[in-house]
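Right, one structure below, let's go through it.
The values are calculated or read from the model by the stated rules, or taken from the named source; none is laboratory data. Just so we're clear, the structure is a prediction, and the values are computed from it rather than from any experiment. Cβ coordinates were reconstructed from backbone atoms using ideal geometry, including for glycine residues, and neighbour counts include every protein chain displayed.
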Amino acid sequence: MPTLRFQTIHRPDRSPSQRFRYEQYLDYFKLQGFSLEFSYLLNQEQDRVYYRPGHWAAKAGIVLNATAKRWRESFQAAPDINFVQREAFMLGSSWFERQMARRSALIFDFDDAIWLADVSRQNRGFGWLKSARKTGEIIEASHEVIAGNAYLADYARQYNPRISIIPTTIDTDYHRPLARKKMGGEPVCIGWTGSLTTVPYFHAFTPLMVKLKKRFGGKIRFKLIGDPHYHNSELSLQGDPWRLESEIEDLNQLDIGIMPLPDDPWTRGKCGFKGLQYMACGIPAVMSRVGVNLEIIQDGQNGYLANTDEEWFQKLSQLVESEELRQRLGQAGRQTVLDRYSVLSQRDHYLTVLNSAMQQRSSA
């Protein structure tokens, strides 16, 4: 029975990237005969400290503990496959990942343009310990590389020809439409879900939402999921926390889901997950004409794409005014996810990569 070890920063069921890139496939991997192991660096308490502002001494201790853990592992029995999602160590060195590749088959998976400078606001002080070369070095050492979209794959091919594109996927039994009764005259909910780091994309969209509010008044309301501290008096909006236990119920309160993004090298690397969540729940999505969104959305058929303020205003207005249009685009969007972005549609692709990595390793 081959051993598959997941080498990550975060514990299982903590990081959206981990949850929707590979954790949804764990039961399937077991059924296919793999023995699963998990090696992560931050437990729940360390996680709380690491992503708070300040606490530099405690953070230094966390990094030292992480270094010791990865160092010990480099002398212990190696699994058949090491699966690294984004990185196996939080600082700029690729030494640990390269050691893994010398001892096991190494699969590297990434779903953002992580070779660009990206340090959390809370850890700017550690920015000098990051390295723009790290991602390329890991890709070069890997036996197989999984990229979340074509833009990321093009970057990876500079370092390694063994690249597979597997989109971020949705468990469509979990992300699903929920029946709910709308009372007559209930406002149409335009909503957004995301992390603390992506809230600025929503906030930059405020002027257009204010314009919509002026046009429709009490016929619309706004909802933000992911930051309970966010407040916007112009929109009469107080943010809600993201909660795993009510994630699907909260999403299903939306009548329209938005994904506004600027067009830059970082956003072109995104995998459209926010939009896919809306679509899987049967919520019509309006997404910026950026990166993989152009592959996910056929404009006017399974959702809307928008670029200019005029486009955003026109398409959101059409959706606010027509329940039939919301239902039609929502149903078509869910079908797109079922066909191309569901766990079921991609699980055999993952299995092919796992087997290929072991073959690459055995023939080296």
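A few remarks follow.
- The condition of being in a helix (DSSP H, G or I) and at pLDDT below 95 does not hold for residue 136.
- Cβ-Cβ distances below 7 Å connect the following pairs, each with a first residue in the stretch 151-177 that is without any contact (Cβ under 8 Å) to a residue 24 or more places away in the chain, a second residue that is of a type in the set (S, T, N, Q), and a separation of six or more residues or different chains: 160/142; 165/149.
- Odd one out for residue 30 among (1) basic (Lys, Arg); (2) out of contact with any helix residue (DSSP H, G or I) (no Cβ under 7 Å at 6 or more places or on another chain); (3) under 30 Å from residue 196 (Cα atoms): (3)
- One residue alone among 254, 224, 276 is assigned to a loop (DSSP other than H, G, I, E, B), assigned by TED's automatic domain parsing to the domain that holds residue 322 and within 27 Å of residue 179 (Cβ to Cβ), and that residue is 254.
- From the list 160, 82, the lone residue that is at pLDDT 95 or above, among the polar types (S, T, N, Q) and part of a strand (DSSP E or B) is 82.
- The one condition in (1) aromatic (Phe, Trp, Tyr); (2) farther than 19 Å from residue 312 by Cα; (3) modelled with pLDDT of 95 or more that residue 242 fails to fulfil: (3)
- Condition met for residue 77 (in a loop (DSSP other than H, G, I, E, B) and either surrounded by fewer than 18 Cβ atoms within 10 Å (Cβ to Cβ) or among the charged types (D, E, K, R) (or both)): yes
- Where residue 315 falls short, out of the listed (1) in contact (Cβ under 8 Å) with a residue 24 or more places away in the chain; (2) surrounded by fewer than 19 Cβ atoms within 10 Å (Cβ to Cβ); (3) not aromatic (Phe, Trp, Tyr): (2)
- Check on residue 247, within 16 Å of residue 277 (Cα to Cα) and part of a helix (DSSP H, G or I): yes
- Residue among 40, 50, 28 that is assigned by TED's automatic domain parsing to the domain that holds residue 164, among the hydroxyl-bearing types (Ser, Thr, Tyr) and at pLDDT below 95: 50
- Residues (part of a helix (DSSP H, G or I) and of a type in the set (Val, Ile, Thr)) located in the stretch 287-327: 296, 320
- Selection over the stretch 329-354 of residues that are free of Cβ contacts under 8 Å to residues at least 12 places away in the same chain and surrounded by 15 or more Cβ atoms within 10 Å (Cβ to Cβ) gives a count of 0.
- For the stretch 7-47, filtering for residues that are part of a strand (DSSP E or B), out of contact with any Pro (no Cβ under 8 Å at 6 or more places or on another chain) and either surrounded by fewer than 18 Cβ atoms within 10 Å (Cβ to Cβ) or among the hydroxyl-bearing types (Ser, Thr, Tyr) (or both) leaves 3.
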